[in-house]
Each structure stands twice: as structure tokens, then as C-alpha cells.
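K.L.:
Dumping the structure here so I can ask a few things about it.
The values are calculated or read from the model by the stated rules, or taken from the named source; none is laboratory data. Predicted, not measured: the structure shown is a model, and the values here were computed from it. All Cβ positions, glycine included, derive from the backbone under ideal geometry; neighbour counts span all protein chains shown.
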There are 4 protein chains.
Amino acid sequence: MANSKYEYVKAFERENYLLPETYIVIRVDGKGFHKFSQHYNFAKPNDLQALQVMNAAALEIMKRYSDVQLAYGDSDEYSFLLRRKCDLYERREMKLCTLFASLMATFYTLFWNKAHPERPIELEQVPTFDARAVSYPSFEIVRDYFSWRQVDCHINNLYNTTFWGLVKKGMTPQEAEQRLSGTVSSDKNEILFKDCGVNYNNEPEIYKKGTILVREFDEYKSEATPVTAVSSRQRQKQDKLRRKARIEKVHVDIINNNPWWDARPWLRE
Amino acid sequence: MANSKYEYVKAFERENYLLPETYIVIRVDGKGFHKFSQHYNFAKPNDLQALQVMNAAALEIMKRYSDVQLAYGDSDEYSFLLRRKCDLYERREMKLCTLFASLMATFYTLFWNKAHPERPIELEQVPTFDARAVSYPSFEIVRDYFSWRQVDCHINNLYNTTFWGLVKKGMTPQEAEQRLSGTVSSDKNEILFKDCGVNYNNEPEIYKKGTILVREFDEYKSEATPVTAVSSRQRQKQDKLRRKARIEKVHVDIINNNPWWDARPWLRE
Amino acid sequence: MANSKYEYVKAFERENYLLPETYIVIRVDGKGFHKFSQHYNFAKPNDLQALQVMNAAALEIMKRYSDVQLAYGDSDEYSFLLRRKCDLYERREMKLCTLFASLMATFYTLFWNKAHPERPIELEQVPTFDARAVSYPSFEIVRDYFSWRQVDCHINNLYNTTFWGLVKKGMTPQEAEQRLSGTVSSDKNEILFKDCGVNYNNEPEIYKKGTILVREFDEYKSEATPVTAVSSRQRQKQDKLRRKARIEKVHVDIINNNPWWDARPWLRE
Amino acid sequence: MANSKYEYVKAFERENYLLPETYIVIRVDGKGFHKFSQHYNFAKPNDLQALQVMNAAALEIMKRYSDVQLAYGDSDEYSFLLRRKCDLYERREMKLCTLFASLMATFYTLFWNKAHPERPIELEQVPTFDARAVSYPSFEIVRDYFSWRQVDCHINNLYNTTFWGLVKKGMTPQEAEQRLSGTVSSDKNEILFKDCGVNYNNEPEIYKKGTILVREFDEYKSEATPVTAVSSRQRQKQDKLRRKARIEKVHVDIINNNPWWDARPWLRE
């Protein structure tokens, strides 16, 4: 019906299909959240409610896409792990990334307004997310990816906790920055303890570890799945199982080859 | 600060930079809007308020990005034209597309809730957008692109207007579909007139033509801009001019080499 | 030294880096070899000397690039397996493919002229190759890739052997084609045996199986190599070992999970 | 016929189609030609016979592909301009680049052996080429591309001529390099004249300007060709004209908007 002589312009469109049989990580990342956090008066160094809004938004995405086996979030970013055999939107990179960014933005807005009826999202400062997809060929590298994000969370949180601890004790931001310049982790722990009276170990796990959303199966039967031979009926059955699996929210260490990973063989499959 | 032995996973990231010196069109497209329109009881064949929400959202994006010279919207989609020399986010395709999709989703949500306090956006049915970017090497093809979208708008609107006209006259959707099967434009115009008493020409322009948002300059001085030699000061000055230019909303014919285009030489530059 | 105001044109160049930690297969493929084989009077269905020229050219490439662990050739094509950790030309797809195509063409020309001093390569009909690179994320898929090529060799060779057998017995090409239309493997074996007096099993292995070039290590010590931590000294040592490994030429069955693969663990690493 | 359960491996192949309606430049570049030139005792600073081998090889490519309107070569590289509407191999980047690299290598080998029967190409040192394709959206940038290459030729040739002039006068390479360090063009011209008795202006044009191969039409009728509407019959007719056009070899200045370009409007079309 909608044919016209102008339709040739479609020939300029390009599509990138992510390599089959690789794990896909989609990372959504808040744009300009430093300004955003100032505009809405985030608590420092961590705003628990804002983190919960992120977590609620990510959980909604995970509920909608059963291919997402795991998600890890911290600060204004979230990484979603799509299983190796995922064929969502034929693995079209642009489709996947724009939808995840779009959903994150809407859910964030809705959950924020629900949590903060007194300071709802305003037009001049809206939550905005970019997204990217990365293909990882092996599960070892996937674990390293999430290790990378969790180590990053730890490093940033230790710095921010110490920095704001010093500021709350009366230092100017410049003085605090200078005090921390060149320090390593153990120095920061000690500064925090001695100068601010804070034992970093007692800080809330959600700040130190970030948040992990993971699909959990009570009875998981590992299936040897050759590359080619899964019937569409089996696929539907497996998909249904994934949809029914409950999604848990935890704040635990998943760095490196932590047994946590091996206890969840479905993440690998 | 944030270095760790896991950082090597970044080497798997890929970036696509859109070809320099080409016009970029970013098209955002509603996902599952058929269902969305049912959930929120859209008027048929066109819901004026929903179109105005789209237009308001697109306008907000255009205000934020002065590189957008023109936008065209119809139904649940919007196409944004970024000027040939645009260097927004270094022309990174993924960054541009995810941000536009993300902004469209949030603005849609906010404007919707403002327009419909009685039926606000609900978690189970949120407005979602995908997006894609296309590079066009010449202005002639850019015009053909927008002609394609406006012809598409016309064809769809004529069909929908006639279809719903027949349904409102008592046909079942199946009967209406059958009645229209194999008809050309002139047939539909006649059916509409004879069976439904509607003169298509008198239908609102926003339905027949879609919506054009265009940056307008009162005094425009075309500048011969060689590929290489624009000073950063000139660039800033031009950017400021674009920011200050008013954005007009019109519903006119822009198909093919309509003089409308030539009257706006800045679109070409 | 070579800077000029025109150098900005380099910004239009694009580079594709093949995904790290995946196996790379580069397949070079003769262009228009049907015509080429007619021009130089190839024997039918197989020209042993032409196959040997292909094998000699592929061997030269394999000698030059120690990252090539395995190569498989048949007819006018050759597939080279580059190891998973290969960093040749930073895994730039275009560089790899154009060099392999270029080398194949020159070596083919030189070996041909050596083998056929009486009918050297002529300007109007030169051996030409295209090439493509494919990334495979797991070793199982790599084996399937080579299985695909070897099954293809078998299917084509059985058909061609029967076709030319019938033609040599006096059929026209059209008659032979018709005779074979709709036949399966067992039919062709029988036709070959009854009509042409040829037992397919006795055909030369090089025709039935194609040619495998494989790097062989007498004493191979598998090393657990984590993704990140191989010193450059270790890398050099391993590279030296690969260079010194002898390259064997065999014509054996490598389809599926043949033990042949497991006996060569270095192919996987 | 050739279907097997292994054929799924084809799904991992990726194809890049160069953007329609852009000019394509394919640049082939000798690999390791410094070593190559030593092995075969090239004359310094320029080996006329080697340049003629390059030119002959490029000419053969141009004869085969009527889409090539222009080629420019210098030293061990050649750039081929494919017309904007070229649809050769559906504009598949990899196909185009590997074929051009492959053809360049074979033709170089054949023309070299013809020119130097006394020192034919040897297996241990074969001419090898990589290739890349670049899309340029406008003709102005295409001209700048060729300006870039010709300026580069000039800069390199002036340096090399002076360097080897000094060496021939008795300097060591180190001394010559030091003498030229920090000098600009006018300095080199003067050194060449005073120290070596050479007037750079009198040097052969082929060294100073490189070589241009251009398709010439005696009676060229510019046709307004809209993007969409060229009949296949017209296309065949135009293609035939291009095939019949003679190819000229010249060594002239084509830098910037030299009238040379405007005198050949078919290059733009």
C-alpha cells in the first residue's frame, strides 16, 4: 500500500546484527546525572531512594525481557546480560539499545514520580540514558565484565564516602580532594575511620557492592544444547521457564570466579 | 583511579561514527503503539491530543539540539534532520539514537500526563520508542526522504479515514477492509464522499500532511563554507544563531522539490 | 612532514576490528574460475595439478603467518583458521582479507608458471581471489565450519565425478544433468558404479576430502592461558614454537567432532 | 544441493555495503615495499621501470572495471575513483577491496616479469598489496582526496630527491638526514640546486606529479540523472560508452579546483 517512488531512500539504512552465539551486555548509562542529582538534591555520597528508582526501573525491563538473565547496577548505570542464544529482535544492535534506553528513561520517570510526589520530574531536567551493546564470546569474559563494574563501584564508593565524610567534618571540597590525592584504598579506609569515625565495612552493602538482579531457578536441569538442534517447542518451553523464574535482588560479591557464578549454571548457557 | 585488571573488557566495545559531511536523519518510532492506542482509548482514525503530545515531545528535543534543523512527524513516528556539518557526540550513531529514543520516551510520558491527568501513563503500558540513524549524502535525497514520509502519511491517512468512516456508518471492520481492498486513491475519495458524506479535502491539515517543525531565520546570510575552513569562533556564532532561531510548526506540503525547500537555504547547508 | 590541509579526508576512513577472543576464519575464493579452468584446459572433474598449485600457494601463506593453525582447501577456495588470540594487524578485517587475497593471487601465479611453463598465466585471464573474514566465538562452531566445507567438497565432488563419468561414457552434458536430477548420494554412487564402472570409494582422497594443512607440534604443553595475563616474553616464545612447528598436508575426514580435532588441542587454544 | 546441517555457520558472516550515491575511492598500497625495493635493487630516489609496472597494472584494472573513472598513483600506491552511481558487486566493501588487491598483485607480478626477465619475482619476496575503500559524499571532497595524494607525492619526492642527491655527493645517509632536518620546501630546492646542481623544476613530471589515468570522452553529453529514474537500457548505453572511452595517462597538476576537473564533468556524475 505504502509504496512510492521515494521509497528508494530506505536503501541507505544500515543494520548491525550482533554476532550469534555470543553473550550480549547492554549497558545503559545516565546522561548528565551529576547535574540531574544537583537539580533534585540527591543525598551525598549516595541517595538510597535514587538507587531504588534505578533498581525498580531495571527490574521492570528484566520482567519484560526473559532473555535478560542478570543485571548489575550502580550509581546511574545498569548492565543487562542477555543469554548467548538470545534472538531478541534478531540481535539488531540498534533496536536493542534504543529500546533499553527508552524503557529505562520512562520507568525511571514513573518510579521517580511515585517515590517523590513532592518533587516530580520537571521538563527542564529529565532523566536521560544512552546505551551500548557489547558482544562477549566467552563466559569467563562476561564474569570479568561484571567484575570490572563491581570493582569500579567499590573504588568510586570508597572515594566518595571518604570525600563526603571529610566535607561533612568541615573540609572544603578542594581540601578534601587534596587530602585524598595519591591515597590508596587502605589510606582511605584509615582516613575514614580516624578522621570521620566511619568504619567502611559497616557501610550498607548496596553502596559497596551495587545491586544484582538475577533470575533464579529452583530446579534447573542443565541441557546440553548443541548449536543447531533445539526444536521450537523446546525453545518455547525454556522461554516459559525463564519467564516464570523469580528475579532476586542481592548486593553480594560477584568478582572474578566467585562460586556465586558456578551456583547458577544457567547464566553460562 | 578506576583502573583494574578487568578493564580489558572495554576492548570488545565497538563504535560507529556516521560518515562526515552527510545529512543525518534520526527516525524515532513508537513500539507497539497499536496496543498502546487501544489501552489509552485513542480516537479513531486520528487522536489529536496524542499527535500533540508527539509534537510537543519532538519540539523539546529540537530545542535541546540546535543541530536539528527540521523534524517531521506523523502517527507514532518522528524524523529529525541533523545538518550536514553536525558533530554532535562526534556523530556516534549509538549515542545519538539512544539519546533521541530516551528523550522521546520521557517527554512523551511527561506531556501525556500533563494533557491527560485523568488517565496517566501506567506501568504496564508505557510509551516506548526505537530509533535509527541514516546518512544521506545529498540534499536531493534528504528531500526525497521527507517526501517518502509525507506520502506515507497521506496514503495511511486516506485509508484510515475511509476505513473508520465506513465503520462509523455501520460496517464491521472486515466489511470495511473488503470494501477498500484493491481501491486506489480516487476510489477512496469517492467512497468517503458518497458513503460517508466526508470531503477528504476538508479534513484537518495535521492529519493529511503530518507536522513539520522547522527552524526559521529572519535574516539568513548564506555562507560559502568550505569543508575545512571554519574557525571555531565562526562555528560558535553560527551555533548561537541556530539556538536563537524560532521553531515553527506547520502542516504543509513538502513533497519533492517544493519551493518550500528553496526558501530555506539553511536546510541545505 | 606530509601534512597538508587536504589531510582531513582521512577522517572518512573506517576500520573494522574483528571481535577479540574469537577464532577468525579467512576464506579466499577464486573469482570466475569456471572460465579460468576452461581457458587453461583443466582436466575434468578434477585437475590435480591445479589443486596442487592451490595447496602450494596456501602453504606459502601459512608459512608466513604463524597465527594460521589450520587451512582447508578444495576446488578454487581455501579457508585459513587464525587462532583465537591472534593479534595480526590488530585484527583489522580489511587488512587481513586484502593481504590474504593478494598473496593467494601472486603465489598462485608463480606456482602455476613453475608447474606449467608451456602454458603460463596470460594477461587476459589471471587468477583472481576475493576473501572474507568470519569471527567464530567457540571452537565447536569452528569445527562445524570446516565440516561444512568438507561436506560441501564431498557433495560437489560426487556430483562432478558422476556427471563427467556419464559424459565420458557418451552422454551430452544436458543428458547427464537430467540423469542426475533428483538423485541422492546413494543413487549417484550406484550410477557411477553401474554406468561408468567407477567405485567412488577408490577415488583419490584429495578429491573426496580436500586438503588439510595443519601445524603439528611434537611436544605440546597445553597452557592455561587466562584472557589477560600472558607476558610478552611468553608470547614470543609461543610464537617461536609455532613458527618452528612443521606443517603437514593430509586428506582425511575432519567432519564434526572427529577425534582428529581432540588430538590437536592447540587448535582450540 | 549443497545443504548440510553445518550451513548455519554462514549466519556469522557480515557484509558491509558502501553508502549509495557516494563516490568510492579504493586505495591499494604496497606492503613492505621498502624491503621489496632493496631486494630487487630499485634505482633511487625513483625507479622508473617500477613505476611503469605500477601504472601498467593499474591500467589493466581500469580496463576491466568501467566504473573506474580515474586513478592516481605514486610510489607503491594507487587510488581508484569509482563513480557515484557505481553498483559493482552491490558496493560490497570486502569484495571490491580484495579483488582490487588481488588483481594489483597478479598484474604487478606479470608486468614485472615481462619488464625484468633477468630478475623475475621470487617466491621469498613477492609484491603484496592491501586495499581499503572510502566513501566520499561530495565531489569537492573527492578532489581534496586526490589533492592530498598529489601533495604527498610532491613532499616525498622533493625530500627523496634532495636526500639521494646529497648521498650521491658523498654524504652518509645520517648526514643527509641531519642536513634536511627542519628544512622547508624552499630550503630543499636550494640545497638541491647549490649542493647537487639539480634544478628540481627540471625533474621528470612522473616523479613530481605522479601518474593520472583518466577515462576521456570526446563527445560528452551531460545528462541530468535524477537519483531514481535511469532506465536499464540507458544504463547499458552509458556503460558501453564508458567501456569505449579511451584511457589517457598524464602527469599533470590536479590539486584543488584546478580547471582540469571542470573540463571533465563526467568525473562528477
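K.L.:
Provide a single number: the residues in the range C:124-144 that are away from chain A (no Cβ under 14 Å) and among the aromatic types (Phe, Trp, Tyr).
P.N.:
Let us first name the residues in the range C:124-144 that are away from chain A (no Cβ under 14 Å), namely C:124-132.
From what's left, among the aromatic types (Phe, Trp, Tyr): C:129.
Qualifying residue count for the region: 1.
K.L.:
For the range A:85-107, enumerate the residues that are in a helix (DSSP H, G or I) and among the basic types (Lys, Arg).
P.N.:
Let us first name the residues in the range A:85-107 that are in a helix (DSSP H, G or I), namely A:88-91, A:93-107.
Within the range A:85-107, A:Arg91, A:Lys95 qualify.
K.L.:
So the check is Cβ under 7 Å with 6+ separation or different chains; which pairs have a first residue in the range D:105-123 that's within 8 Å of chain C (Cβ to nearest Cβ) and a second one that's surrounded by 15 or more Cβ atoms within 10 Å (Cβ to Cβ) and at pLDDT below 95?
P.N.:
none
K.L.:
Further question: Could you list all residues from the range C:40-52 that are farther than 24 Å from C:Ala71 by Cα and either in contact with a Phe, Trp or Tyr (Cβ under 6 Å, 6 or more places away or on another chain) or surrounded by 15 or more Cβ atoms within 10 Å (Cβ to Cβ) (or both)? Lay out the reasoning, then the answer.
P.N.:
In the first step, residues of the range C:40-52 are kept if they are farther than 24 Å from C:Ala71 by Cα; the result is C:40-41, C:43-44.
Within the range C:40-52, C:Tyr40, C:Lys44 meet the criteria.
K.L.:
Now for a separate question. For D:Lys85, are the conditions met, namely being within 13 Å of chain C (Cβ to nearest Cβ) and either of a type in the set (Asp, Glu) or more than 17 Å from the chain's Cα centre (by Cα) (or both)?
P.N.:
Working: within 13 Å of chain C (Cβ to nearest Cβ): no; either of a type in the set (Asp, Glu) or more than 17 Å from the chain's Cα centre (by Cα) (or both): yes.
So D:Lys85 does not fit the description; no.
K.L.:
Determine if the range C:65-80 includes at least one residue that is away from chain D (no Cβ under 11 Å), at pLDDT 95 or above and part of a helix (DSSP H, G or I).
P.N.:
no
K.L.:
When residues of the range D:90-103 are filtered for being more than 7 Å from chain C (Cβ to nearest Cβ) and under 16 Å from D:Phe36 (Cβ atoms), how many remain?
P.N.:
First pass over the range D:90-103, keeping only residues more than 7 Å from chain C (Cβ to nearest Cβ): D:90-93, D:96, D:100.
Right, trim to under 16 Å from D:Phe36 (Cβ atoms) and you get none.
The qualifying residues number 0.
K.L.:
I need every pair where a residue in the range B:242-265 that is assigned to a helix (DSSP H, G or I) has its Cβ under 8 Å from the Cβ of a residue that is of a type in the set (A, V, I, L, M), sequence separation at least 6 or different chains.
P.N.:
Short answer, once both residue conditions are applied: B:Trp260/B:Val252; B:Trp260/B:Ile254; B:Trp261/B:Ile254; B:Trp261/B:Leu267.
K.L.:
Which residue out of A:Thr161, A:Thr183 is touching a Phe, Trp or Tyr at 6+ places or on another chain (Cβ under 8 Å), more than 9 Å from every other protein chain (Cβ to nearest Cβ) and modelled with pLDDT of 95 or more?
P.N.:
Numbers: A:Thr183 fails: touching a Phe, Trp or Tyr at 6+ places or on another chain (Cβ under 8 Å).
Being touching a Phe, Trp or Tyr at 6+ places or on another chain (Cβ under 8 Å), more than 9 Å from every other protein chain (Cβ to nearest Cβ) and modelled with pLDDT of 95 or more holds for just one of A:Thr161, A:Thr183, which is A:Thr161.
K.L.:
So in the range D:1-58, with the set limited to residues that are in a loop (DSSP other than H, G, I, E, B), of a type in the set (A, V, I, L, M, F, W, C) and within 30 Å of A:Tyr17 (Cα to Cα), which one is farthest from the other protein chains (Cβ to nearest Cβ)?
P.N.:
Going through the range D:1-58, the residues in a loop (DSSP other than H, G, I, E, B) turn out to be D:1-4, D:13-16, D:18-22, D:31-32, D:40-47.
So of that shortlist, the ones also of a type in the set (A, V, I, L, M, F, W, C) come out as D:1-2, D:18-19, D:42-43.
This time we only want the ones that are within 30 Å of A:Tyr17 (Cα to Cα), so: D:1-2, D:18-19.
On the way: D:Met1: 6, D:Ala2: 5, D:Leu18: 10, D:Leu19: 6 Å.
Out of the qualifying residues, it is D:Leu18.
K.L.:
A further question on this structure: Quick check on the range C:168-191: of everything there that is farther than 14 Å from C:Asn156 by Cα and in contact (Cβ under 8 Å) with a residue 24 or more places away in the chain, which residue is surrounded by the fewest Cβ atoms within 10 Å (Cβ to Cβ)?
P.N.:
Checked the range C:168-191; the qualifying residue surrounded by the fewest Cβ atoms within 10 Å (Cβ to Cβ) is C:Lys169.
K.L.:
Being within 17 Å of B:Leu59 (Cβ to Cβ) and surrounded by 14 or more Cβ atoms within 10 Å (Cβ to Cβ) is the filter here; which residues of the range B:210-222 pass it?
P.N.:
Looking only at the range B:210-222, we keep the residues that are within 17 Å of B:Leu59 (Cβ to Cβ), and these are B:210-216.
The answer is B:Gly210, B:Thr211, B:Ile212, B:Leu213, B:Val214, B:Arg215.
K.L.:
Sort out which residues of the range B:186-240 are at pLDDT below 85 and of a type in the set (A, V, I, L, M), and write them in order of number.
P.N.:
Across the range B:186-240, the qualifying residues are B:Ala224, B:Val227, B:Ala229, B:Val230.
K.L.:
Against the condition under 14 Å from the mean Cα position of the chain (by Cα) and at pLDDT 95 or above, how does A:Ala43 come out, does it pass? Talk me through it step by step, then tell me what you get.
P.N.:
Numbers: under 14 Å from the mean Cα position of the chain (by Cα): no; at pLDDT 95 or above: yes.
In short, no.
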